[in-house]
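Written out below as structure tokens is the structure these notes cover.
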Amino acid sequence: MRPVVVPFFISHLGCPHRCVFCDQEKIAGARGSLPGAGEMLDKIDRYRASAPGRELEVAFYGGTFTALPRDDQQYLLQALQPLLASGAVRSLRLSTRPDAIDPANALFLKTMGVRTVELGVQSMNSEVLRLSERGHSARDAERALRVLQEAGLEVGVQLMPGLPGDSEERSLASLEQVLALQPSFLRIYPTLVIAGTQLADLYREGNYLPQSLDQAVSLCKRMLLMARCAGVPVIRLGLQPTSELEAPGVLLAGPYHPAFGQLVESELWFDLMCTMVQGIPEGSPVSFLAPVGRTSDLVGQGRRNLKRLTERYGVRVGKVREDAALGQDEIAVQWCGGERSGGFPC
């Protein structure tokens, strides 16, 4: 079972400048400030009381942790050492920029009990990074990932398809480069236009065109399949819905959906379902067997996948039921003439 994450948002703290797309306070729904030791311990106690028996992971999100003054980093991590030693907290996680990592601070994080570092890579294309005013290069990302891995840390990578200057080909090439570096996991956040950002100005001026929802789902479907074939889990697709992000006037444009990840997963499974029903006589009643926990992905929102199968191939889809004997990336289809099973093409 995954640990319960106790989040602390330090929005923009440590960041050397604002990237064109970024407003962490609106995205995360929290203002950036360093939490006090008492505040952290109280919040951890509340989370532990609400999830008895579950392991806890403390996470610092939203800023550039390793660009904070070392005294601030020491203060935040030192307060958690007794909880790590006692087992009350299992692990620590933080996010940072690729150009804010060197061997010395990687070793410092390791000795302070940090297990996971998430790198805001966003793209591996130099033009996209320049237009987004990231201030770092793809080489910085490669070096940072290598340094963290050599220090024995788990490293996740965040990517943002749809940034200024990006394209489907550039997004896929960025992912391919990142996968070659063997990160522990990925987060994929399609670019959104948030009020008050430079990107919002570019959008209003007609100098930036965001992806449509369909475009983003189609691209992220391909990215998800590439990651799965490489054995790298994607732990998040699309921004987490918050009341601040969904407040009137905050989100100006872009492929936002509160269940974006489910849309992407469902499209990926729909492609596999299409492959499986090809050659089955029109009008045949069919049923699907799904891996445990994947029924909703096969069915689709509003039973969309089942309806599209009927429209496209003329089959009559009945039940979708789970089969524990199937692998997590495998389905089976049954019809009066037989049964076949299969998985994603890698």
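The values are calculated or read from the model by the stated rules, or taken from the named source; none is laboratory data. All values reported here derive from a predicted model rather than from experimental measurement. Virtual Cβ from ideal backbone geometry, glycine too; neighbours counted across all protein chains shown. Keep in mind that these areas ignore ligands, DNA and RNA; they rest on the heavy atoms of the full protein, side chains included. Shrake-Rupley method; radii C 1.70, N 1.55, O 1.52, S 1.80 Å.
If you go through region 325-346 and keep only what is of a type in the set (F, W, Y) and either on the phi > 0 side of the Ramachandran plot or out of contact with any Leu (no Cβ under 7 Å at 6 or more places or on another chain) (or both), you end up with just W335.
What residue, of R46, R90, is in contact (Cβ under 8 Å) with a residue 60 or more places away in the chain and either more than 21 Å from P16 (Cβ to Cβ) or open to solvent by 80 Å² or more (accessible area, probe 1.4 Å) (or both)?
Working: R46 fails: in contact (Cβ under 8 Å) with a residue 60 or more places away in the chain.
So the residue among R46, R90 that is in contact (Cβ under 8 Å) with a residue 60 or more places away in the chain and either more than 21 Å from P16 (Cβ to Cβ) or open to solvent by 80 Å² or more (accessible area, probe 1.4 Å) (or both) is R90.
Would region 149-171 turn up any residue that is at pLDDT 95 or above, open to solvent by 40 Å² or more (accessible area, probe 1.4 Å), of a type in the set (D, E) and farther than 22 Å from R93 by Cα?
Step one: list which residues in region 149-171 are at pLDDT 95 or above, which gives 149-171.
Narrowing the set further to residues that are open to solvent by 40 Å² or more (accessible area, probe 1.4 Å) leaves 149-150, 152, 154, 167-170.
Those still in the list that are of a type in the set (D, E) too: 150, 154, 168-169.
Subset that is farther than 22 Å from R93 by Cα: 168-169.
Yes; the residues of region 149-171 include at least one that is at pLDDT 95 or above, open to solvent by 40 Å² or more (accessible area, probe 1.4 Å), of a type in the set (D, E) and farther than 22 Å from R93 by Cα.
Of the residues making up region 179-189, those that are over 18 Å from G62 (Cα atoms) and open to solvent by 20 Å² or more (accessible area, probe 1.4 Å) number 5.
Can you tell which of R312, R303 is of a type outside the set (G, A, S) and free of Cβ contacts under 8 Å to residues at least 24 places away in the same chain? I'd like the intermediate steps shown before the answer.
Numbers: R312 fails: free of Cβ contacts under 8 Å to residues at least 24 places away in the same chain.
Only one candidate qualifies: R303.
Taking region 326-346 as the search range and keeping residues that are among the polar types (S, T, N, Q) and open to solvent by 60 Å² or more (accessible area, probe 1.4 Å), which one is modelled with the lowest pLDDT? Working first, answer last.
The first filter runs over region 326-346 and keeps only residues among the polar types (S, T, N, Q), leaving 328, 334, 341.
Filter once more, so that each one left must be open to solvent by 60 Å² or more (accessible area, probe 1.4 Å): 328, 341.
On the way: Q328: 91, S341: 94.
Result: Q328.
Close contacts from region 64-82, counting a first residue that is more than 20 Å from A144 (Cβ to Cβ) and a second that is assigned to a helix (DSSP H, G or I) and open to solvent by 20 Å² or more (accessible area, probe 1.4 Å), with Cβ to Cβ under 8 Å and a gap of 6+ residues or different chains, come to Y75/A37; A79/A37; A79/L41.
Residues that are small (G, A, S), under 19 Å from V264 (Cα atoms), open to solvent by 10 Å² or more (accessible area, probe 1.4 Å) and part of a helix (DSSP H, G or I) do not occur anywhere in region 200-216.
From the list P16, P35, the lone residue that is modelled with pLDDT under 95 and either charged (D, E, K, R) or more than 20 Å from M160 (Cα to Cα) (or both) is P35.
None of P82, P98 is modelled with pLDDT of 95 or more, more than 12 Å from P3 (Cβ to Cβ) and open to solvent by less than 50 Å² (accessible area, probe 1.4 Å) except P98. Taken over region 73-128, residues that are closer than 18 Å to V157 by Cα, of a type in the set (V, I, T) and not in a loop (DSSP other than H, G, I, E, B) amount to 6. For region 109-128, filtered to residues that are hydrophobic (A, V, I, L, M, F, W, C) and more than 19 Å from the chain's Cα centre (by Cα), the residue that is farthest from Q215 (Cα to Cα) is M112.
Name the strands (runs of 3 or more DSSP E) wholly within region 222-325 that hold at least 3 residues that are surrounded by 18 or more Cβ atoms within 10 Å (Cβ to Cβ)? Before you say what the answer is, go through the steps one by one.
Values: elements: 234-237, 251-253, 285-290, 316-322.
Correct list: 285-290.
The lone criterion from (1) open to solvent by less than 40 Å² (accessible area, probe 1.4 Å); (2) more than 23 Å from R18 (Cα to Cα); (3) charged (D, E, K, R) left unmet by E176 is number (1).
For region 122-135, does any single residue satisfy the condition of being at pLDDT below 95, open to solvent by 20 Å² or more (accessible area, probe 1.4 Å) and not basic (K, R)? Checking region 122-135: at least one residue is at pLDDT below 95, open to solvent by 20 Å² or more (accessible area, probe 1.4 Å) and not basic (K, R).
Taken over region 129-142, residues that are over 25 Å from A59 (Cβ atoms) and either out of contact with any helix residue (DSSP H, G or I) (no Cβ under 8 Å at 6 or more places or on another chain) or outside any helix (DSSP H, G or I) (or both) amount to 5.
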